[in-house]
Amino acid sequence: MGNIIDKLSPLELKIIPFLGEPIPKIIEKSNLDKVSVLRALKFLENKKLIKIEAKKEKIIDLDVNGIHYKKNHLPERNLLLLLSEKNIPSLEEAKSLSKLSDNEFKVSLGVLKKKALIEIKSGKIFLSASKQDLSKKTLEEKFLESLPLLLESLEPEQKFAYQELSKRKQIIEIEEKIQYSYQLTTEGKKIAGKKIKSNLLEEVTPSLIKNATKKQKFRHYDIQAGVPKIFAGKRHFVNQSIQQGKRIWLDLGFQEMTGNLVQTSFWNFDALFTAQDHPVRDLHDTFFIKKVQGKLPDKTLVEKVKKAHETGIQGSRGWRYSWLQDSAKKVVLRTHTTCLSAQTLASLKGNYPAKFFVIGKNFRNETVDWSHGFEFNQTEGIVIDPNANFRHLIGYLKEFAEKMGYKKFRIQPAYFPYTEPSLEGAVWNPEKKTWMEVLAAGIFRPEVTIPLLGTTIPVLAWGPGFDRLMMGAHKIKDLRELYRNDIKDLRNRKVLAK
Amino acid sequence: MTNIIFPRKEIEKEIPITKDIEEKISLFGTPLERLTQDELEIEVFPNRPDLISMQGFLRAFKSFLGKSSGLKKYNIKKPGKNCKVTIDKSVKPVRPYTACAIVKNLSLNNERIKEIIDLQEKLHLTVGRNRKKVAIGIYPLEKIKLPITYKALKPSEIKFQPLESQREMTALQILQRHPTGRKYAKLLKNYDKYPIFTDANSKILSMPPIINSHETGRITEKTKDVFIECSGHDFEILSKTLNIIVTTLAEMSGEIYQMILDYQKKKITPDLEPQKTSIKLENVNKLLGLNLKQQDLTKLLAKMGHYYKAPNVFSPAWRADILHEIDIIEDIAIAYGYQNFQPEIPQISTIGQESKESIIKNKIAEILTGLKMQEISTFHLIKPQEAKLMKMQKPIYVEDSKTDYKILRPNLTIPALRILSENIDSEYPQKVFELGIVFRADESQETGIKETDSLILALTPANFTEAKQHLDYLFSQLGLEYKLQETEETGFIPGRTGSILFKDKLIGYIGEAHPVTLKKLGLKMPAVLIEISLEEIYKAI
């Protein structure tokens, strides 16, 4: 018990003397507003001193017309008064003199007839009420005066009046309210009504520190109680994942490549042995930039690429068509990061073995839905090593998948215009129990490496689809969530610890 | 990417589908997409159009499984009397080549006909590049009188009843009114003569790549013999496509007959002579990291339908994908089984290195998250109305965007304001930043477009002082200094907007957004923004 008393806050202490009384009384006597009293009660409930009950109640109260009628009588009363004062046999006259609206008049006639206070015979009204009848309040009038009432605790007469009035226009309404009440627990009964004087200290203040002694006793806080949320600054979760991805590449000894999002078709397609009539080079799939024409790199490189396409080089037969410079000059938003690999190879000048990576945005002309967007992240690594082989490629991929957190890994043949052999790696998603095809890989074709590197050194290349890996890691089902920038969502999203 | 559906029942007549076979299908290079009671769906890569037909797939896959391995041979008959196609010079500008064949003694039923039409359509879409590169016509031979002529005429001289039409139409009417004509009209646009095939009676058989004639253009269950033509711009592709079709028909028990093609020089198609590629065992082993012997190659290559006699590999004439030794090596790897390669990490020493720009950007992000700022990540494209609102000069458009986002973003201010306006229901205060690439026209660049890294800070509700505090803190943490100079910016309050100068160069602005701008964006709180180009900062650090 003592322990609980130590924890009582000033607010709770203020209402304990009145505990046991109904809530409105507590509000009245404690001089606190309703919100504070309810908060104090909530604290007491946390300490198991009381049990709060919230009951949804339907309360009948006056509506707009009801308020008006309560002040100025119901229309039927007005009509009745008029009829008892004057002898007005004609309906029309009665209506105009009563100053009631069409509807009010009609309703009033009906009500009075039903109560047998008037009679209507061939268009004339006859008062049939006695004086006694006239002085008596109707059930409806009594009901209006007694509002507000609880719907479920109506007397039979009130129920009748309620039914009658609810048929009429905006006289009464039903409000749903939550009524709080509470009951004392056994522990609560022990302190209810007591005046507890606490000499416990509240805040630690500079003056208190000055006079600090071990004897000072502080109020115990309810450390279980909820507190308002705060938000810190954070990186966008996609960039967090990119950082994580970068660390893997750096751990494996790769060097970061940088380069443009806007590229000439030469780097994005031609240097990668993608024929000029390949469907990917269609407006339909790729974003071409309007009204600009790019420049081609140095002539010898362009000539070699042209030859690789047209007739092939060093044992290759090529695509056998006539390669056009204008098509290569078209400027695009890059469709893959492989164009950066091509540029890197072209600038290596014999400095290998070497390993490079990039994580970056790519683009495709797409509508946006749950699994597609016009922007997506891709990561890609290349290994330039005269002794590299297919088994090394699989080795790197396996290592990469493991570092991404995927233990099970499998590969299958695949096709890309610029690699041969090509493969697709899938990782096992143990939660969904499915294979996710996320690793595209291969060894660059000689038609790619000869023009760019000058020799046929095997260049291993792989590019995991980064967004799909990320969707798994962040448990995202809809790709649009990645770039929605809903600040609330960004604030609440967990930081990945992996 | 082409997905093909085969009836499971037909496949299982040859190969019962077990769990092991399911895996083998994918390991053969035709990923298994779906398997149901009735259907088997696989993906066929664009380099293997020969696997599009069920007959083609079974031929290759049975060989891969070791049943009837090796180079498959088909009986092919020499050209008979009148089996000739004359190619007139007039087709040269519009559609210069054709490769043709005759296949006899087919026994067709509705299912077979459907398979043939399916194959034709899939080939049109893939190797045919939607009929541009290859258009295929298959005709009942009994309605045709040989020999055939391939020539081009003026549109006004071409008149015939096309398929799906009740009456005769001129070439122009077909292109303007016929549904198929309208669909492919662009392929004949800008030519003054259109290609046609005619028979010995000068009857028009078809107008490639658009449509066949009603009279001769459709095979039925009664058809026994067919004439096949492929037309286009590249004789070799046409020839390979023809080979795929005739060998598929041969698998349906047809007999292949050659035809003489009378160009200036005579050619004969179909030509099923195997393609020869020489390989070196040493290259194979080096690239795959294996230790194979000559006899291993013989076995492995036979599984993929090749015949090996060192140093030459003889490949089927319907394979269109073998350009280089490397393509043969991939087949060897597939035959060896991708699952059988032992992964290995080579012992080469390289040093990991993050780019300088990445390091600086991370540092900036760290400073700003320390200021309780939330990073955002927005699209690189913006909407035209956004560009208009901020009075953007010379927007750079992408062609035919399928969304509202059509312009390369010139700054990060526009997207940041968009994000603020989309978040009026999120809790305030909101402090966001973004590090990203922005674009501007610059003729000195290879692409005519200059890309730079930029940084935006947006604070709401906030005043100028708070924004300047953030700017001060950022620069002092980077160990740099800046100067402000009063300026005016579209959308910002004059007198509360400044240019940020770094080493006397203009690198950005700081400013309080004008209430008119805020109102247009549906924002209800004051907002201050800072945008800085990072190019000069990179140089200084």
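R0 = 35 Å: FRET efficiency of A:GLU57 with A:THR367, Cβ-based, nearest 0.05?
0.10
Using only Cα atoms, what Kirkwood radius does segment B:437-541 have, in angstroms?
One over the average 1/r among Cα pairs gives 14.8 Å for segment B:437-541.
P(r) for segment B:275-338, please, calculated from all Cα pair distances in 5 Å bins and given in %.
Answer for segment B:275-338: a P(r) of 4, 19, 36, 28, 10, 2, 0 percent.
Can you give me the Kirkwood hydrodynamic radius for segment A:111-174, using every pair of distinct Cα atoms, in Å to one decimal?
Result for segment A:111-174, one decimal place: 13.4 Å.
Please compute the net charge surrounding B:SER90, taking Lys and Arg as +1 and Asp and Glu as -1 over other residues with Cβ under 13 Å from its Cβ.
Once positives and negatives cancel, what remains is +3.
Give me log10 I(q)/I(0) at q = 0.10, 0.15, 0.17 Å⁻¹ for segment B:356-540, Debye formula, one equal scatterer per alpha-carbon, no solvent.
For segment B:356-540 at q = 0.10, 0.15, 0.17 Å⁻¹, log10 I(q)/I(0) is -0.38, -0.90, -1.18.
Summarise the accessible area of segment A:145-287 (1.4 Å probe, protein heavy atoms) by the percent that is carbon and sulfur.
52
Using protein chains only (no ligands, no nucleic acids) and a 1.4 Å probe, work out which residues of segment B:306-323 have their accessible area cut by at least 50 Å² relative to the chain alone.
Buried on complex formation: B:LEU323.
Take the solvent-accessible surface of the protein heavy atoms, probe 1.4 Å, and return the percent of it on segment B:76-269 that carbon and sulfur atoms account for.
48
To the nearest 20 debye, what is the magnitude of the charge dipole of chain A about its Cα centre, counting +1 on the Cβ of each Lys and Arg and -1 on the Cβ of each Asp and Glu?
That gives a dipole near 1600 debye.
With the convex hull built on the Cα atoms of segment B:81-122, state its orientation-averaged projected area in nm².
With the hull built on Cα positions only, its mean projection is 4.7 nm².
Can you list the equivalent-ellipsoid semi-axes of chain B, largest first and in whole Å, using the square root of 5 times each Cα gyration tensor eigenvalue?
Square roots of five times the eigenvalues give 62, 34, 21 Å.
So, how do all the Cα-to-Cα distances of segment A:204-245 break down into 10 Å bins, in percent, from 0 on up?
Per 10 Å bin, starting at zero, the Cα-Cα P(r) for segment A:204-245 comes out as 18, 21, 21, 18, 17, 5 percent.
In whole angstrom, how far apart do the alpha carbon centroids of segment A:42-90 and segment B:306-340 sit?
Each part reduced to its Cα centre gives a spacing of 92 Å.
Students often forget the sequence filter, so: which aspartates and glutamates lie under 19 Å Cα-Cα from A:LYS95 once same-chain residues fewer than 8 apart are removed?
Answer for A:LYS95, where 19 Å is the Cα cut-off: A:GLU76, A:GLU85, A:GLU104, A:GLU119, listed by chain and number.
Could you give the angle, 0 to 90 degrees to the nearest 10, between helix B:294-303's Cα long axis and the longest principal axis of the Cα atoms of chain B?
Orientation of helix B:294-303: about 90 degrees from the principal axis.
Compute the distance from the alpha-carbon center of segment A:388-452 to that of segment B:245-291, in whole Å.
So the separation of the two Cα centres works out to 30 Å.
Relative to the first principal axis of the alpha-carbon coordinates of chain B, what is the inclination of helix B:325-336, with its axis defined by its Cα atoms, in degrees from 0 to 90 and to the nearest 10?
Helix B:325-336 sits roughly 80 degrees off the main axis of chain B.
To the nearest whole number, what is the average tally of beta carbon atoms from other chains within 10 Å of the beta carbons of peptide B:327-338?
Taking the mean over all residues of the peptide, I get 4.
Starting from the coordinates of the alpha-carbon atoms of segment B:1-130, obtain the Kirkwood hydrodynamic radius over all distinct pairs and give the value in Å to one decimal.
That comes to 17.2 Å for segment B:1-130.
Taking chain A as the region of interest, what is the percent of Cα-Cα pairs per 10 angstrom bin, listed from the shortest bin to the one with the maximum distance?
3, 13, 14, 10, 8, 9, 10, 12, 10, 6, 3, 1, 0
Can you find, among B:THR517, A:TYR182, A:GLN243, the residue sitting farthest towards the positive end of the charge dipole of the protein assembly as shown, where Lys and Arg contribute +1 and Asp and Glu -1 at Cβ?
Most positive-ward Cα: A:TYR182.
Comparing the chain by itself with all protein chains present, which residues of segment B:122-137 are at least 30 Å² less accessible (probe 1.4 Å)?
The answer is B:ARG129.
Does segment B:2-65 come out rounded, prolate or oblate, given a ≥ b ≥ c as the square roots of the eigenvalues of its C-alpha gyration tensor, rounded meaning a/c under 1.5 and, failing that, prolate meaning a/b above b/c?
Judged from the Cα gyration tensor, segment B:2-65 comes out rounded (a/c under 1.5).
What does the buried accessible surface come to for B and A, summed over both chains, with the probe at 1.4 Å? Round to 100 Å².
In total, this chain pair buries about 7800 Å².
Once you've got the Cα coordinates, tell me which of B:LYS19/B:LYS133; A:LYS295/B:LYS361; B:LYS77/B:LYS145; A:LYS58/A:LYS488 are over 28 Å apart.
As for pairs spanning more than 28 Å Cα to Cα, those are B:LYS19/B:LYS133; A:LYS295/B:LYS361; A:LYS58/A:LYS488.
At 222 nm, what helix-only mean residue ellipticity would chain B give, in deg cm²/dmol to the nearest 500, using -39500 (n - 2.57) for each DSSP H run of four or more?
The per-residue figure over chain B is -9000 deg cm²/dmol.
Beyond 21 Å, how much of the Cα-Cα pair distribution for segment A:217-364 remains, as a whole percent?
58
Lys and Arg at +1, Asp and Glu at -1: add these up for the other residues within a Cβ distance under 12 Å of B:LYS62 and post the number.
Within the 12 Å Cβ shell, the charges total +4.
Once Rh is set to the Kirkwood radius over Cα pairs, what Stokes-Einstein translational diffusion coefficient, in µm²/s, holds for segment B:112-192 at a temperature of 37 °C and a viscosity of 0.692 mPa s?
In µm²/s, the coefficient rounds to 226.
So if I take the alpha carbon set of segment B:197-317, get Rg, then get Rh from the Kirkwood formula, what is the Rg over Rh ratio?
So for segment B:197-317, dividing Rg by the Kirkwood Rh gives 1.13.
Ignore the peptide's own chain and count Cβ atoms of other chains within 10 Å of each Cβ in B:375-388; give me the average, rounded.
Partner Cβ neighbours, averaged per residue: 4.
Top to bottom by accessible area (1.4 Å), largest first, where do B:THR403, B:THR98 land?
I get B:THR403, B:THR98, largest accessible area first.
In Å, what is the Rg of the alpha-carbon atoms in segment A:87-142, and how long is Dmax?
Expressed in Å, the Cα Rg and Dmax of segment A:87-142 come to 11.5, 33.
Viscosity 0.692 mPa s, temperature 37 °C: give me the Stokes-Einstein translational D for segment B:76-269 in µm²/s, with Rh taken as the Kirkwood radius over C-alpha pairs.
The calculation lands on 199 µm²/s.
Hey, any idea what the orientation-averaged projected area of the convex hull of segment A:294-392's Cα atoms comes to, in nm²?
Over every viewing direction, the Cα hull of segment A:294-392 projects on average to 9.0 nm².
Where the convex hull is taken over the Cα atoms of segment A:451-498, what is its projected area averaged over directions, in nm²?
5.9
For the protein assembly as shown, what's the radius of gyration and Dmax over Cα atoms, in angstrom?
In order Rg, Dmax, the Cα atoms of the protein assembly as shown give 41.7, 130 Å.
Could you sort B:ASP20, A:ASP222 by accessible area so the largest value comes first, with the probe set to 1.4 Å?
B:ASP20, A:ASP222
Please report how far the C-alpha centroid of segment A:95-153 lies from that of segment B:370-447, rounded to the nearest whole angstrom.
With segment A:95-153 and segment B:370-447 each reduced to a Cα centre, they are spaced 70 Å.
The values are calculated or read from the model by the stated rules, or taken from the named source; none is laboratory data. Everything numeric in this text was worked out from a predicted model, so none of it was measured. Note that each Cβ is placed from the backbone with ideal geometry, even for glycine, and that neighbours are counted across all protein chains shown. Side chains included, ligands, DNA and RNA excluded: accessible areas come from the protein's heavy atoms. Shrake-Rupley method; radii C 1.70, N 1.55, O 1.52, S 1.80 Å.
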